[in-house]
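Q: Here it is, the structure in full.
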Amino acid sequence: MAAKKKKAKPVWERAYKGHALWLGKTKLGKVTLRAESRGKYHWEAGGRVGYADHLEKAKAAFELAIYIADKQLDLFT
């Protein structure tokens, strides 16, 4: 039987005052701890940014932005 290629899964890596999502050696974005009035956590992914009060909500919004950016076609290709 031929071996199946496994698709690489993104991995969350914890850092000082934040988390980053890596796919192999490519950094997809990050969630950082902020002391601002908008939200406790600031996330950047897929050309989008946002704020959330809880880490779980920030990670969920981050992953949704990555999913949308992956599925959306480029305008000038």
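The values are calculated or read from the model by the stated rules, or taken from the named source; none is laboratory data. The model shown is predicted, which means the values in this text are computed figures rather than measured ones. We place every Cβ from the backbone using ideal geometry, glycine too, and count neighbours over all the protein chains shown. Just the protein is used for accessible areas: all its heavy atoms, side chains included, with ligands, DNA and RNA removed. Shrake-Rupley method; radii C 1.70, N 1.55, O 1.52, S 1.80 Å.
Q: What spacing in nm lies between the two simple spin-label points modelled at Trp22 and Tyr67, each 7 Å away from Cα in the Cβ direction?
A: According to this spin-label approximation, the distance is 2.4 nm.
Q: Any chance you could get the radius of gyration and Dmax over the Cα atoms of the chain, in Å?
A: Looking at the chain, its Cα Rg and Dmax stand at 14.8, 57 Å.
Q: At what distance in nm do the modelled label points of Ala8 and Leu33 sit from each other, each positioned 7 Å from its Cα along Cα→Cβ?
A: With each label point 7 Å from Cα toward Cβ, the separation is 2.9 nm.
Q: Any chance you could count the Lys pairs in the stretch 1-54 whose alpha carbons are under 25 Å apart, treating pairs 8 or more apart or on different chains as valid?
A: So the count of such lysine pairs works out to 19.
Q: If I compute solvent accessible area with a 1.4 Å probe over the protein chains, what percent of it on the chain is carbon and sulfur?
A: Numbers: 3670 of 6680 Å².
Carbon plus sulfur share of accessible area: 55 percent.
Q: Something else about it: Could you sort Lys9, Lys4, Lys71, Lys59 by their accessible area in this structure, using a 1.4 Å probe and putting the largest first?
A: Working: Lys9 160, Lys4 185, Lys71 125, Lys59 50 Å².
Highest to lowest solvent-accessible surface, that is Lys4, Lys9, Lys71, Lys59.
Q: Return the calculated 222 nm mean residue ellipticity for the chain, to the nearest 500 deg cm²/dmol, obtained by summing -39500 (n - 2.57) across DSSP H runs with n ≥ 4 and dividing by the residue count. Present the calculation step by step, with values, prior to reporting the outcome.
A: On the way: 1 runs with 17 residues, N = 77.
Value at 222 nm, helices only, nearest 500: -7500 deg cm²/dmol.
Q: Right, another one. Per residue, how much accessible area does the chain show when a 1.4 Å probe rolls over the protein heavy atoms, in square angstrom?
A: Working: 6680 Å² over 77 residues.
Dividing the accessible area of the chain by its residue count gives 87 Å².
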